[in-house]
Amino acid sequence: MSTSKTKDKYQIAVVPGDGIGKEVMEAAIHVLDALDIDFDYVYGQAGDECLEKTGSALPDETLEIIRNSDACLFGAAGESAADVIVKIRQEMRMFANLRPVKAYPNTNSLSDDIDFMIVRENTEGLYIANEESYTDDGAVAKRIITREAEERIIDYAFKYAKDNNKSKVTGVHKANVLKKSDGLFKDIFYEVAERYPEIATEDYYVDATAMYLITKPESFDIIVTTNLFGDILSDEGAGLVGGLGLIPSANIGEDAALFEPVHGSAPDIAGQGIANPIAMMLSAVMMLRHLGENEAADRFDNAILKVLSDANILTGDLGGSATTMEVAEEVKNNL
């Protein structure tokens with residue numbers, strides 16, 4: 001996912017969004033500003049509050065800011081999430097959604113050895129939201145699976161495994177029932193696997209995968225799957241390692257990249273300053289690696305690990321009583 005450093009200054013689109021998105025974004029930027037990197041932040045609006053204020057959940061100006069930036073940091077969207085983040089992914093052709101699931105100290109992880117990446121196809125499947133309503137009693141949603149998109153995401157997963165010294169890729173589908181669409185996915189998975197003979201392969205049905213994530217999560221390295229399945233499994237993965245407050249993500253395309261925590265806007269705790277900023281910070285770490293700023297990414301990542309290991313300054317979801325910005329300050333002090 002990372003690239004070689006090519007710039008001395010980066011333009012970063014910052015879209016805080018709704019609810020705790022604003023709070024965790026402030027925390028992440030607080031730490032980013034302590035790194036020796038020249039960032040030019042350009043702020044954009046999106047989400048429920050933007051919809052109420054402007055009549056659009058995702059104004060054209062925000063899309064243009066993202067399009068013209070080296071990367072985008074996104075906080076969270078509320079009820080308008082499908083009209084915001086899904087649309088950004090589609091407009092920017094961000095075909096790969098990366099969701100790392102990793103055990104950290106003092107986070108009530110199911111196992112200390114959990115460390116895998118979910119590589120999720122981002123542009124088709126059920127999330128194109130192509131629905132037809134027939135009567136009040138029923139409706140139809142079309143699930144689109146194409147060879148082009150699935151071969152692209154599967155190849156991306158194998159390349160990611162190779163570049164990050166991962167030894168196995170697991171394809172996840174439901175080909176026993178969805179014989180044409182997921183049958184195609186499975187066929188393509190093994191076709192692509194032939195190009196990477198050094199990487200072990202296996203495939204599971206999505207329901208079996210859901211079970212194996214509980215019974216043997218340490219056995220996974222890279223999971224590649226379709227849009228809906230990847231979304232569901234990544235939330236299950238969050239439950240394995242302490243919750244959504246610890247799961248970052250990246251959306252990668254040919255010409256654009258967006259980094260966001262997996263969690264939503266959490267309106268029940270918004271404005272209280274108690275949201276866990278770790279997922280947003282880890283998303284910023286992913287952004288740094290994408291930009292080729294690996295030394296800074298390591299510093300940021302290690303500072304987060306130190307704070308979690310010490311367990312003195314943690315938010316309530318991890319058993320502590322610290323505020324969002326107290327955690328940010330502690331991470332900054334440990335850079």
Of all residues in the range 115-165, count the ones that are among the charged types (D, E, K, R), modelled with pLDDT under 95 and in contact with a Gly (Cβ under 9 Å, 6 or more places away or on another chain). 1
Confirm whether Tyr196 is of a type in the set (Phe, Trp, Tyr), at pLDDT below 95 and more than 22 Å from the chain's Cα centre (by Cα). no
Please determine whether any residue of the range 167-175 is modelled with pLDDT of 95 or more, outside any helix (DSSP H, G or I), exposed (fewer than 13 other Cβ atoms within 10 Å of the Cβ) and within 22 Å of the chain's Cα centre (by Cα). yes
Kindly check whether there is at least one residue in the range 208-225 that is closer than 19 Å to Arg99 by Cβ, touching a Phe, Trp or Tyr at 6+ places or on another chain (Cβ under 6 Å), at pLDDT 95 or above and of a type outside the set (A, V, I, L, M). yes
Residues that are among the aliphatic types (A, V, I, L, M) and in the same structural domain as Lys22 (by TED's automatic domain parsing): which helices (runs of 4 or more DSSP H) entirely in the range 191-309 hold 3 or more of them? 278-290
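Residues are listed down the side, and each one gets a yes or a no for (1) crowded, with 20+ Cβ neighbours inside 10 Å; (2) closer than 25 Å to Ala96 by Cβ; (3) modelled with pLDDT of 95 or more:
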{"position": "Gly264", "(1), (2), (3)": "no, yes, no"}
{"position": "Pro277", "(1), (2), (3)": "yes, yes, yes"}
{"position": "Leu291", "(1), (2), (3)": "yes, yes, yes"}
{"position": "Ile304", "(1), (2), (3)": "yes, yes, yes"}
{"position": "Leu318", "(1), (2), (3)": "yes, no, no"}
Single match in Leu58, Leu51, Leu98 (criterion: in contact with a Phe, Trp or Tyr (Cβ under 9 Å, 6 or more places away or on another chain) and either more than 23 Å from Thr315 (Cα to Cα) or surrounded by 18 or more Cβ atoms within 10 Å (Cβ to Cβ) (or both)): Leu98
Of those in the range 124-160 that are assigned to a loop (DSSP other than H, G, I, E, B) and without any contact (Cβ under 8 Å) to a residue 40 or more places away in the chain, the residue surrounded by the most Cβ atoms within 10 Å (Cβ to Cβ) is Thr146
Within the range 215-238, residues farther than 17 Å from Tyr104 by Cα and not hydroxyl-bearing (Ser, Thr, Tyr) come out as Lys216, Ile222, Ile223, Val224, Asn227, Leu228, Phe229, Gly230, Asp231, Ile232, Leu233
Kindly evaluate Tyr204 against the criterion of being surrounded by 13 or more Cβ atoms within 10 Å (Cβ to Cβ) and over 28 Å from Lys142 (Cβ atoms). no
Selected residue (only one of Leu240, Leu213, Leu246 is within 14 Å of the chain's Cα centre (by Cα) and either over 28 Å from Gln90 (Cβ atoms) or surrounded by 21 or more Cβ atoms within 10 Å (Cβ to Cβ) (or both)): Leu246
Considering only residues that are crowded, with 16+ Cβ neighbours inside 10 Å, acidic (Asp, Glu) and out of contact with any Lys or Arg (no Cβ under 6 Å at 6 or more places or on another chain), which ones fall in the range 101-123? Glu121
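The values are calculated or read from the model by the stated rules, or taken from the named source; none is laboratory data. Note that the structure is predicted; figures quoted are calculated from it, not measured. Positions of Cβ are backbone-derived with ideal geometry, glycine not excepted, and every protein chain shown enters the neighbour counts.
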